[in-house]
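Trainee: Let me give you the structure first, and then I'll get to my questions.
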Amino acid sequence: MLKKVSVTDVVLGMYIHELCGSWMDHPFWKAGFTLHTLDELHSLQNSAITEVWIDTAKGLDLPAGVQSEELEPVIERAQTILQEADVAERAEPIVSMAEEVQRAFKICERSKDAVFSMFSEVRMGHAIEMHGVAQVVDEMAQSILRHPSALLSLVRLKNADEYTYMHSVAVSALMIALARQLQLSAEQVQQAGVAGLLHDVGKMMIDNSILNKPGRLSDAEFAKMRLHPVYGAKLLLDSGSAVSAEVYDVCLHHHEKYDGSGYPKKLKGQEISLFARMAAICDVYDAITSDRPYKKGWGPAESLQRMAQWQGHFDPLLFQAFVRTMGIYPVGSLVRLNSGRLAVVIEQNEQTLLKPKVKVFFSSKAKMPIEQEVLDLACSQCTDSIIAREPLEDWEFRNLDALWLE
Ligand SMILES: [Fe+2]
Ligand SMILES: [Fe+2]
């Protein structure tokens with residue numbers, strides 16, 4: 001049986017089914033394992049992970065009387081959190097998804113190049129040329145205004161070698177969209193975008209051998225990696241870059257967690273600035289939905305569901321706004337319909353996030369591809385509906401994203 005337990009209650013001999021948190025928060029990166037050594041136990045208890053799932057069929061159980069949670073109520077609670085985000089109608093996109101995807105491709109490329117040169121400048125101690133940064137952010141904001149899903153879906157797709165730069169572009173796009181969802185002023189939306197672009201600039205001070213290591217990081221390497229927020233803030237100061245206090249703050253505090261278990265300062269709740277709380281959500285979402293050499297990314301809908309289960313990580317109200325921004329089933333999510341067909345979400349629906357437009361392509365019953373067809377699940381004639389998110393690792397589909405990019 002799976003039980004969610006606090007890391008402080010974990011003992012040797014337990015089988016760790018899953019760690020509750022992003023793989024950026026721990027040096028383990030393997031799926032399931034039995035805790036055999038004190039070293040592993042200490043690593044776990046010293047990591048940013050606060051809760052884990054243990055499997056009592058494969059390892060030791062908790063002693064009687066120690067608190068734990070079972071799978072079903074946790075999933076139900078996550079589902080409620082996600083569904084509560086489905087309020088208010090959304091603004092209609094101005095142009096079609098296909099049209100904006102074409103433009104957003106080019107914006108991604110330009111933004112990535114801009115991040116690359118910005119990071120290089122700062123690394124050499126030069127001040128960032130803020131006019132260029134503002135232009136990049138403005139282009140992204142315009143794209144999101146024309147059709148939010150195009151850029152937000154494209155930034156998830158990245159090659160391993162460009163990860164750090166594309167991740168910065170992605171966090172920037174997500175920050176812009178979230179700031180707009182929160183109805184912040186145009187100036188604040190702009191600052192949110194700049195903060196996203198620069199949040200990981202401190203990674204420029206981390207050795208490439210650690211930054212791009214294809215395997216599991218050692219505890220020492222992991223500890224170095226966790227210095228990047230402090231390095232980043234120092235780089236911004238030393239280079240004399242004219243960034244706002246908000247941007248500096250995001251750089252330093254985007255790994256803080258709402259419950260005070262983050263780093264570098266273990267800030268809690270409202271002690272963490274609004275922008276840093278927003279960045280924490282955007283940063284984790286992009287990291288866990290992206291493929292890395294050592295780990296395949298989780299699907300977008302699956303990622304949101306997992307994030308909803310991690311208690312204490314994120315500001316709950318901001319997380320709800322984030323779900324409203326992305327959709328409960330973001331574009332690119334693999335879902336199972338009640339007809340038994342598998343589909344990929346290709347677009348959100350303005351009226352309800354529970355019934356997006358999808359493209360069916362596979363029969364889970366016959367286990368074979370079927371003729372592709374677009375369904376608008378919100379259409380009154382449509383009898384099909386989503387019954388589950390499908391974990392990507394259960395299927396060996398290649399390039400599912402082609403289905404919404406077509
Ligand atoms: Fe970071
Ligand atoms: Fe990041």
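Trainee: Pairs please, first residue from segment 110-130 and assigned by TED's automatic domain parsing to the domain that holds A173, second anywhere and at pLDDT 90 or above and among the aromatic types (F, W, Y), Cβ atoms under 7 Å, 6+ apart in sequence or on different chains.
Mentor: K112/Y165; V115/Y165; F116/Y165
Trainee: How many residues does segment 81-107 contain that are part of a helix (DSSP H, G or I), more than 11 Å from P148 (Cα to Cα) and either at pLDDT 95 or above or open to solvent by 50 Å² or more (accessible area, probe 1.4 Å) (or both)?
Mentor: Start the filter on segment 81-107 by keeping residues that are part of a helix (DSSP H, G or I), which leaves 81-83, 97-107.
Add one more test, that the residue is more than 11 Å from P148 (Cα to Cα), and what stays is 81-83, 98-99, 102-103, 105-107.
Next, from what is left, pick out any that are either at pLDDT 95 or above or open to solvent by 50 Å² or more (accessible area, probe 1.4 Å) (or both): 81, 83, 98-99, 102-103, 105-107.
Within segment 81-107, residues that are part of a helix (DSSP H, G or I), more than 11 Å from P148 (Cα to Cα) and either at pLDDT 95 or above or open to solvent by 50 Å² or more (accessible area, probe 1.4 Å) (or both) number 9.
Trainee: Among (1) within 30 Å of L317 (Cβ to Cβ); (2) in contact with a Phe, Trp or Tyr (Cβ under 8 Å, 6 or more places away or on another chain), where does Y165 come up short?
Mentor: Status for Y165: all satisfied but (1).
Trainee: From (1) at pLDDT 95 or above; (2) open to solvent by 50 Å² or more (accessible area, probe 1.4 Å); (3) hydroxyl-bearing (S, T, Y), pick out the condition that doesn't hold for S168.
Mentor: (2)
Trainee: Could we say that L354 is assigned by TED's automatic domain parsing to the domain that holds A177, closer than 19 Å to D86 by Cα and surrounded by fewer than 19 Cβ atoms within 10 Å (Cβ to Cβ) here? Lay out the reasoning, then the answer.
Mentor: Working: assigned by TED's automatic domain parsing to the domain that holds A177: no; closer than 19 Å to D86 by Cα: yes; surrounded by fewer than 19 Cβ atoms within 10 Å (Cβ to Cβ): yes.
In short, no.
Trainee: If you go through segment 357-388 one residue at a time, how many are more than 23 Å from P93 (Cα to Cα), within 26 Å of the chain's Cα centre (by Cα) and open to solvent by 40 Å² or more (accessible area, probe 1.4 Å)?
Mentor: Residues in segment 357-388 being more than 23 Å from P93 (Cα to Cα), within 26 Å of the chain's Cα centre (by Cα) and open to solvent by 40 Å² or more (accessible area, probe 1.4 Å): 2 in total.
Trainee: Let me ask something else about it. Conditions: (1) more than 28 Å from S6 (Cβ to Cβ); (2) touching a Phe, Trp or Tyr at 6+ places or on another chain (Cβ under 7 Å); (3) within 16 Å of ligand 2 (Cβ to nearest atom). I346 meets all but one. Number of the miss?
Mentor: (3)
Trainee: Please verify whether segment 328-350 includes one or more residues that are outside the structural domain of A160 (by TED's automatic domain parsing), at pLDDT below 95, assigned to a loop (DSSP other than H, G, I, E, B) and open to solvent by less than 30 Å² (accessible area, probe 1.4 Å).
Mentor: yes
Trainee: Now, a different point. Return the total of residues in segment 158-177 being away from ligand 2 (no atom under 16 Å from the Cβ) and in contact with a helix residue (DSSP H, G or I) (Cβ under 8 Å, 6 or more places away or on another chain).
Mentor: Total satisfying the criteria: 2.
Trainee: Anything in segment 18-65 that is closer than 15 Å to K3 by Cβ and open to solvent by 50 Å² or more (accessible area, probe 1.4 Å)? List them, or say none.
Mentor: Selection gives A57, K58, L60, D61, P63, A64, G65.
Trainee: Go through K224, K266 for me and flag whichever is open to solvent by 60 Å² or more (accessible area, probe 1.4 Å), within 14 Å of ligand 1 (Cβ to nearest atom) and among the charged types (D, E, K, R).
Mentor: Details: K266 fails: within 14 Å of ligand 1 (Cβ to nearest atom).
After ruling out the rest, the residue left standing is K224.
The values are calculated or read from the model by the stated rules, or taken from the named source; none is laboratory data. None of these values were measured; they are calculated from a predicted model. Cβ: placed from backbone, ideal geometry, glycine included. Neighbour counts: every protein chain shown. Areas reflect the complete protein model, heavy atoms only, side chains present, ligands, DNA and RNA absent. Shrake-Rupley method; radii C 1.70, N 1.55, O 1.52, S 1.80 Å.
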